[in-house]
Protein chains: 4
Amino acid sequence: MSNAKNESPTIRSAVLLIHCPDQKGLIARVVDFILKNSGNVLHLDQHVDLERQVFSMRIEWDLEGFVIPPEKIGEYFQTLVAEQAGMHWAMHFSDETPRMAIFVSKQSHCLYDILSRWQDGEWRIELPLIISNHPDLAHVAEQFGIKYHVLPIDKASRQQQEQKQLQLLAEHKIEFVVLARYMQVLSDEFISHYPNRIINIHHSFLPAFPGSRPYHSAHQRGVKIIGATSHYVTPELDAGPIIEQDVGRISHKDSVEELVRKGRDLEKVVLARAIWNHLSRKCLVYDNRTVIFD
Amino acid sequence: MSNAKNESPTIRSAVLLIHCPDQKGLIARVVDFILKNSGNVLHLDQHVDLERQVFSMRIEWDLEGFVIPPEKIGEYFQTLVAEQAGMHWAMHFSDETPRMAIFVSKQSHCLYDILSRWQDGEWRIELPLIISNHPDLAHVAEQFGIKYHVLPIDKASRQQQEQKQLQLLAEHKIEFVVLARYMQVLSDEFISHYPNRIINIHHSFLPAFPGSRPYHSAHQRGVKIIGATSHYVTPELDAGPIIEQDVGRISHKDSVEELVRKGRDLEKVVLARAIWNHLSRKCLVYDNRTVIFD
Amino acid sequence: MSNAKNESPTIRSAVLLIHCPDQKGLIARVVDFILKNSGNVLHLDQHVDLERQVFSMRIEWDLEGFVIPPEKIGEYFQTLVAEQAGMHWAMHFSDETPRMAIFVSKQSHCLYDILSRWQDGEWRIELPLIISNHPDLAHVAEQFGIKYHVLPIDKASRQQQEQKQLQLLAEHKIEFVVLARYMQVLSDEFISHYPNRIINIHHSFLPAFPGSRPYHSAHQRGVKIIGATSHYVTPELDAGPIIEQDVGRISHKDSVEELVRKGRDLEKVVLARAIWNHLSRKCLVYDNRTVIFD
Amino acid sequence: MSNAKNESPTIRSAVLLIHCPDQKGLIARVVDFILKNSGNVLHLDQHVDLERQVFSMRIEWDLEGFVIPPEKIGEYFQTLVAEQAGMHWAMHFSDETPRMAIFVSKQSHCLYDILSRWQDGEWRIELPLIISNHPDLAHVAEQFGIKYHVLPIDKASRQQQEQKQLQLLAEHKIEFVVLARYMQVLSDEFISHYPNRIINIHHSFLPAFPGSRPYHSAHQRGVKIIGATSHYVTPELDAGPIIEQDVGRISHKDSVEELVRKGRDLEKVVLARAIWNHLSRKCLVYDNRTVIFD
């Protein structure tokens, strides 16, 4: 079910995302590790958060001729470089095809947008299932040939249904979850299974207007600009690390319905950019903040 | 002390800003009043807030050949049109030169920007005085030839100093006040003297990050976009009717100092646009919201 | 095949779009026509282009209780108001469901976006057919249940194929055509059948980079911002009246492929906004320029 | 005449800007050079232009404890690293205070903005002189205590006056020149003295509307967005490498005068950002394109 236009990228590369307490010589140690093993660095982006004294880095290199076999790179890197520096790191390969699941409720605009991009091969992903608490969007899933699981949720059933959701995700080997206007709060336990791997779209410019009905609140307050925010889900509602935000200008002429209509386009594009950044292995999280390498 | 480039606009016009409960035939009644008295409508902008059932309107017409003398138009309009419809209205003339005062503390960027525009003749205003709680920016005022009054404020002296401020404003026949990064909270009593005539610039995208140190909070929260908000001052802090907002993109690379630096440019331009809208008689306020005619 | 969510709008209203040489009393004449026949004005937006001395206006009123029957309003308005003032006008009713056709080539992103909005009921339109010079996107049309006609075009066949296109449009009573990245130039003759009723999306910020391969040119020139432009099609290529534009920031890091990827999102949203403005009867054209009432 | 707020930055650092044909191991060679000489890398930003096969890099390191004395770093770097790799490079130090000259004609908005930032200490520069072809803005220069040289220019005098300009720049040891709405074309010979060191602000979104009267052209074309572009000056008019651009939304309601007014704010901020990027040693030029490290 992968529709990536470019099944075999010409270059097979590895990406390392690293963060650790800042100290001298970190860049050199990582670069040397790659160079001495005959890797060719394609991209390097690095940042030091002076306030928190945290070093972060994204480095991508060509695996052609690299001495260490891909499945061993992590082990070698941990032993030779990371351990000593106290590095947190994640490694990815350009020929991976991550498996994504979508959660929806009744609104379809983000779902259509994601499915169109997927079918169009814009993203290199597998998309084996959609989960919803309502049957309303089953026809959209069917149209695009994706399985659609309805798991209605109320106060009494929440815990049990979340267990079923987790089971489905596990069965389908899902790597990350996209909440495409899923109007249910996830339990801390659920979230703990996918740390920094659940991407939500909130229909306001956070931290303004968290919670429900942000367009109503925005209209009430009389703001001149509305926004949308995509973030990783954490136990605290609408307070997770922000991946992407964007805004659009409105005026006194816009009714709440107009805000909702204009906001849909913001939500679609902000969520899509967040997914793209996640897929491109450009997001690194610490201290409830993201570093988005570009 | 007026530096308007265009001392004698070729057309002398009148502007009416109106709002009232919505009802049939309001536009026609106003248009007829003007037309029957030989006025030529130059601009008409109108809006109905369906949720609150409020009609609002800005109408500007050429006074050339208008039958009613300018100083009598208000009275006639009240008697013949407004009374019956329960209209709130304000009338302005294009050849007025409003008198503005600036309040500052220690930061100079908005002050420089305003004084440059004034000296350049961009705005049709008189600018007879600047009031500050600190002596720091006296040299800037002097550079532009404006009187600078230092009225230091602490808890004990606030009430007394505000009385002096009010006295200065009255002496100089000030029509409206601009708080150009004035870091003091005004008392309800002070505000009551200038309802919807005190314009503040707040250095965040309200309602996100009200109060002090918004750039620190924005950095802490890890937002991807910062903003500035200009609003009329009301007793509730940072909660007055919003006149203008704008935003700028930031990244994880931006320290708090960078946010402050980038934010200054937003603050300058947002405050300047709000002053322009106020001067152009394009702002109408009801229910703590603005209608900004364009 | 209409999917509008709101089949029966609560208010049935009429919209008049008017432009003519500026002269005294135009607003009053139109407003009086409506008021004297018991219409209630819902919205009025008006503009005078002082340079060209052109008056333009959009007025919408509630038809409930209006004395003149809808099918006669045009005739009466022409006789009683428009004739004398030399007005060009168009009349629309809120309960119309315009019939739209889409032309595409091989790129799918705008097509998906339009079909999703249509299926989602975001727009009040009928969408009976898609015409393409390639078979590539037939599966998308099928997915959404729309007829897809393939009319391949080369130099020799152009004239003949355009005749077939025109015939299809006539058969399906198409009111306006959307070129959703249709990579063929239309003949003057074709265009003459749909004046200001063919909407194109061009993948640059016009007038920068007209013609083909604008992203390559943008990359070559080293611009820091890219854009998209939606306009009505006129015989001169990429020079028709602009309905909507938007831009996005890029950097030296963006390859041409990245510009194409980022540009797609601009194209989708700019085209969608242009269609919305057209459908909302908010576009008026004269002198190769648009007035977009808001 | 330096007004930098922060005369003694706590960290004295060096910045290297490098570009050369792409090849393996470039990052490592530069990083090693710094590390082996006891430098601590503060920032590293790097990019490979795959189309042109050009490697570019900005690296900044702490000079505290660096083995090579500052005045010798360039020589050593050339010998040990740059020569072999065919690198073009430029070196700067954080405690430099570049000397800037401003050229103006009659419009004051960019001049005020630059002088305010300078006086406010926002930029670490010396600003010893302003050169103009008109006397109009002498009072502004005087207000800020800067020398103002009037060198009127017509066809006959151009060459001679440019010689005087060059002499003044040499006398004052000017490092770079800012054309703050200077309405004269500089000769190729003049430009050759300051390659990539003359910054211009053009009042359109280039390459749209080059040359004179861009706001008139924008109004004529009916664009929905206007822009401003800051670029390094090259012999071909308005075709130099772009440093920064920004845009603002307009509508049919905006007259040419309104475009000019709104454009001024774009010009000010775009020029200021370009100067900032230049001062921060974040601009690198090759092939008539800029790399702007961020």
Expressed as a whole-number percentage, the relative contact order of chain C with C-alpha contacts under 8 angstrom and at least six residues apart is 16
Shape call for the stretch C:99-292 from the C-alpha gyration tensor, a ≥ b ≥ c root eigenvalues: rounded (a/c under 1.5), prolate (a/b greater than b/c) or oblate?
rounded
Check: C-alpha center the stretch C:253-294 vs C-alpha center the stretch C:143-202, spacing in Å is 19
When chain B is modelled as a GNM with alpha-carbon springs shorter than 10 Å, which of B:L266, B:L111, B:L26 fluctuates the most?
B:L26
Whose amide H sits under 5 Å from the amide H of C:L206, counting only residues 5 or more places off or on another chain, with H placed in the peptide plane?
C:T229
Rounded accessible area per residue of chain A, 1.4 Å, Å²:
39
First select every other residue whose beta carbon is under 11 angstrom from the beta carbon of B:D49; then total the charges, Lys and Arg +1, Asp and Glu -1.
-1
For the stretch C:204-272, listing GluC sites (Glu not before Pro) in a DSSP loop whose Cβ sees at most 14 other Cβ atoms within 10 Å gives C:E236
Ignoring ligands, DNA and RNA, please state the percent of accessible area on the protein assembly as shown from carbon and sulfur, probe 1.4 Å.
51
Candidates per trypsin sites (Lys or Arg not before Pro) in the stretch B:12-76, loop by DSSP, up to 15 other Cβ within 10 Å
B:R12, B:K24, B:R52
Note the angle between two axes, namely the Cα long axis of helix A:26-36 and the longest principal axis of the Cα atoms of chain A, as a number of degrees from 0 to 90, rounded to the nearest 10.
60
For D:T234, what is the net charge nearby, where nearby means another residue's Cβ is under 15 Å from its Cβ and Lys, Arg count +1, Asp, Glu -1?
-2
Please list, ordered by chain and number, the residues whose modelled amide H lies under 5 Å from the amide H of B:I225; skip anything fewer than 5 residues away on the same chain.
B:I250
Cα gyration tensor category, rounded, prolate or oblate, for the stretch D:13-93 with a/c compared to 1.5:
prolate
Over the protein assembly as shown, the sum of -39500 (n - 2.57) across DSSP H runs of at least four, divided by residue number and rounded to 500 deg cm²/dmol, gives at 222 nm -9000 deg cm²/dmol
Explain nothing, just compute: Karplus ³J(HN,Hα) = 6.51 cos²θ - 1.76 cosθ + 1.60, θ = phi - 60°, for every residue of the stretch B:274-279 in order, whole Hz, x for Gly and Pro.
5, 4, 4, 5, 5, 5
Which residue is it, in chain B, that holds its beta carbon closest to the axis of the B-onto-D rotation, and how many whole angstrom away?
B:Q143, 3
What accessible area, in Å² to the nearest ten, does a 1.4 Å probe give for D:T79?
100
Within the set A:K253/C:K224; B:K282/C:K224; C:K253/D:K282; A:K224/D:K224, which residue pairs have Cα atoms separated by over 23 Å?
A:K253/C:K224; B:K282/C:K224
Calculated label separations, B:Q163, copies of the chain, 7 Å along the beta-carbon direction, nm:
7.2, 7.3, 9.4
When only DSSP loop residues count, what trypsin sites (Lys or Arg not before Pro) in the stretch B:132-233 have their Cβ near at most 12 other Cβ atoms within 10 Å?
B:K155, B:K173
Ballpark to the nearest 100 Å², how much total accessible area do A and D bury together, probe 1.4 Å?
1400
Given labels modelled 7 Å from the Cα in the Cβ direction, how far is it in nm from D:T97 to B:F93?
5.3
Placing the label point 7 Å from Cα along the Cα-to-Cβ direction, what are the distances from A:Q184 to the equivalent spots in the other copies, shortest first, in nm to one decimal?
4.9, 5.6, 7.3
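The values are calculated or read from the model by the stated rules, or taken from the named source; none is laboratory data. Here the structure is a predicted model, which means the values were calculated and not measured. So basically every Cβ, Gly included, is an ideal-geometry build from the backbone, and we count neighbours across all protein chains shown. Heavy atoms of the whole protein, side chains included, go into the accessibility calculation; ligands, DNA and RNA do not. Shrake-Rupley method; radii C 1.70, N 1.55, O 1.52, S 1.80 Å.
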